[in-house]
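**Q** One structure, pasted below without further comment.
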Amino acid sequence: MSEVIVITSGKGGVGKTTTSANIGCGLALTGKKVALVDADIGLRNLDVVMGLENRIVYDLVDVVEGNCRLKQALIKDKRYNGLFLLPAAQTRDKDAVSPEQMQKLCESLKEEEFDYIIIDCPAGIEQGFKNAIAGADRAIVITTPEVSAVRDADRIIGLLEASGLNDPTLVLNRLRVDMVKRGDMMSIDDVTEILAIEILGVVPDDESIVVATNKGEPAVTDEESFAGQAYRNIVKRIQGEDVPIMRFEKDAGLFNKLFKKFRRN
Amino acid sequence: MDFLNFFKKKDNTASKNVAKDRLKLVLVHDRVNCSSQILEMLKTDIIKVISNYMEIDEEELDIQITQTQSDDNTGTVPVLYANIPIKSMRKVNQD
């Protein structure tokens with residue numbers, strides 16, 4: 001059984017691409033065969049976050065237009081067994097692909113016996129968004145604890161449900177425990193109360209993400225960092241495992257200790 | 001500036017409470033697709049109709065879209081909330 005999961009947010013810069021890379025890589029680490037699809041045509045980035053930017057020959061638009069076979073465009077990540085990337089085209093725009101073509105592409109990927117197909121959706125609610133969700137079986141909405149990101153997430157949840165993608169789950173990204181404790185940042189409960197959807201995971205605002213992205217190595221592989229742990233938990237929940245949400249604000253003592261330890265490294 | 005008073009009443013110093021209140025309000029409007037302009041037009045119309053029957057305090061009049069628990073308790077539904085203080089009844093010709 002293969003499943004197509006779209007990672008979306010509405011607002012840009014909340015961490016769709018980073019989350020896609022980490023979920024994809026994390027699923028591959030648990031032995032699954034995973035295809036990461038960059039649907040952000042014209043603003044290709046998943047390749048560089050994954051550290052695969054030098055290996056691109058063909059892209060998504062080439063596959064859709066029949067310039068190459070699907071297998072030729074899929075880049076095999078040599079570091080993680082079972083992980084493949086289908087990069088976006090950089091010199092084209094969102095109109096180069098239609099929702100029907102994306103649906104067909106997802107079907108073809110399913111025939112390649114991928115367990116999971118992760119689609120990195122572009123920001124916005126226009127053509128690129130419609131393309132990215134067209135072939136999806138379920139959706140994960142990314143937000144940060146800021147008014148703008150939560151508002152956009154609410155809009156996206158409405159649009160997803162209108163398109164038949166019911167019950168999307170939420171990843172709350174870049175949570176800062178110190179600010180939540182001071183009452184200067186909305187907490188996990190605040191955000192889930194407002195958006196009224198199930199939470200899939202919480203990723204703390206962690207320097208390790210920047211470091212990992214600099215190197216082109218997803219943070220999910222980092223055993224030391226909280227963000228890495230958070231992504232591994234998300235991966236387990238995607239596969240149906242019941243893992244409690246890390247309540248950073250409640251065991252802040254432990255968090256601070258580990259956070260400090262990490263900062264020293 | 002009804003909206004500002006709305007937040008001040010709660011007197012929550014933590015900025016996250018301000019964020020939550022503002023978000024809740026803006027989302028209620030987003031979800032029912034009702035702009036503040038439409039609400040203003042609605043307010044004007046309501047005043048016009050009610051003024052035929054009673055004299056009302058237009059300064060203190062408060063109309064908002066908020067949320068309430070749905071009848072079957074499965075979630076929240078938007079409601080139109082109106083608080084219209086009456087100053088006096090008008091003599092209405094009932095003929």
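**Q** What's the local net charge at A:Gln103, with K and R +1, D and E -1, over the other residues with C-beta under 14 Å away?
**A** On the way: positive: A:Lys104, A:Lys110, A:Lys130; negative: A:Glu100, A:Glu107, A:Glu111, A:Asp137.
Charge balance in the 14 Å sphere: -1.
**Q** Please average, across the residues of A:136-142, the number of beta carbons from any other chain that are within 10 Å of each residue's own beta carbon, and give a whole number.
**A** If you average over the peptide's residues, the count of other-chain Cβ atoms is 0.
**Q** Shifting gears a bit: Quick one: 3J(HN,Hα) in Hz for the stretch B:49-56, Karplus 6.51/-1.76/1.60 with θ = phi - 60°, rounded, Gly and Pro as x.
**A** Karplus values, whole Hz, x for Gly and Pro: 5, 5, 4, 5, 10, 8, 8, 10.
**Q** Chains A and B: what accessible area do they bury, summed, in square angstrom to the nearest 100, with a 1.4 Å probe? Walk me through the numbers on the way to the answer.
**A** On the way: alone 12110 and 7730 Å², together 18680 Å².
Chains A and B together bury roughly 1200 Å² of accessible area.
**Q** I'd like the FRET efficiency for A:Arg69 and A:Thr30, computed as 1/(1 + (r/R0)^6) with the beta carbon distance as r and R0 of 35 Å, rounded to 0.05. Don't jump to the answer; show the numbers that get you there.
**A** Details: r = 28 Å, r/R0 = 0.80.
For R0 = 35 Å, the calculated efficiency reads 0.80.
**Q** Once neighbouring chains are kept in place and the probe is 1.4 Å, which whole percent of the accessible area of chain A is contributed by carbon and sulfur? Intermediate results must be reported in sequence, preceding the final value.
**A** Values: 5220 of 11540 Å².
Ligands and nucleic acids excluded, carbon and sulfur give 45 percent.
**Q** Starting from the Cα of B:Met89, move 7 Å in the Cα-to-Cβ direction to define the label point; list residues of the stretch B:55-71 whose amide nitrogen is under 12 Å from there.
**A** B:55
**Q** Diagonalise the Cα gyration tensor of chain A and give the resulting equivalent ellipsoid semi-axes, square root of 5 times each eigenvalue, largest first, whole Å. Present the calculation step by step, with values, prior to reporting the outcome.
**A** Numbers: eigenvalues 177, 86, 50 Å².
The answer is 30, 21, 16 Å, longest axis first.
**Q** Taking 0.36 nm per intervening residue step and subtracting the Cα-Cα distance, what contour gain separates B:Glu55 from B:Asp30 on full extension?
**A** Values: separation 25, 0.36 × 25 = 9.00 nm, distance 3.28 nm.
Once the chain is fully extended between B:Glu55 and B:Asp30, it gains 5.7 nm.
**Q** When DSSP assigns beta bridges and you keep just the ones with both residues in the stretch A:3-264, what percent turn out antiparallel, to the nearest 5? If you can, show how the numbers build up before the last one.
**A** Values: 2 of 29 bridges.
The answer is about 5 percent antiparallel.
**Q** Wrap a convex hull around the Cα atoms of the stretch A:16-110, take a quarter of its surface area, and give that in square nanometres. Spell out each step's value before the answer.
**A** Details: hull surface 22.4 nm².
Mean projected area for the stretch A:16-110: 5.6 nm², to one decimal.
**Q** A follow-up question, please. Calculated FRET efficiency, A:Glu241 and A:Asp95, Cβ-Cβ r, R0 41 Å, to nearest 0.05?
**A** Numbers: r = 40 Å, r/R0 = 0.97.
Calculated value: 0.55.
**Q** Assuming R0 = 22 Å, can you tell me the calculated FRET efficiency for the pair A:Leu43 and A:Glu161, based on Cβ-Cβ distance, to the nearest 0.05? Please list the in-between numbers first.
**A** Values: r = 26 Å, r/R0 = 1.19.
FRET efficiency, A:Leu43 to A:Glu161: 0.25.
**Q** When ligands, DNA and RNA are left out and all protein chains stay put, how many square angstrom of accessible area per residue does the protein assembly as shown have with a 1.4 Å probe?
**A** 52 Å²
**Q** Still on this structure: Suppose we compare each residue of the stretch B:22-45 in its chain alone and in the full protein complex with a 1.4 Å probe; which ones drop by at least 30 Å² of accessible area?
**A** When all protein chains are present, B:Leu23, B:Lys24, B:Leu27, B:Asp30, B:Arg31 each give up 30 Å² or more of accessible surface.
The values are calculated or read from the model by the stated rules, or taken from the named source; none is laboratory data. What you are looking at is a predicted structure, and each value in this text was computed from that prediction instead of being measured. Reconstructed Cβ throughout: ideal geometry from the backbone, glycine too, with neighbour counts over all protein chains shown. Remember, those area values only see protein heavy atoms, side chains included, never the ligands or the DNA or RNA. Shrake-Rupley method; radii C 1.70, N 1.55, O 1.52, S 1.80 Å.
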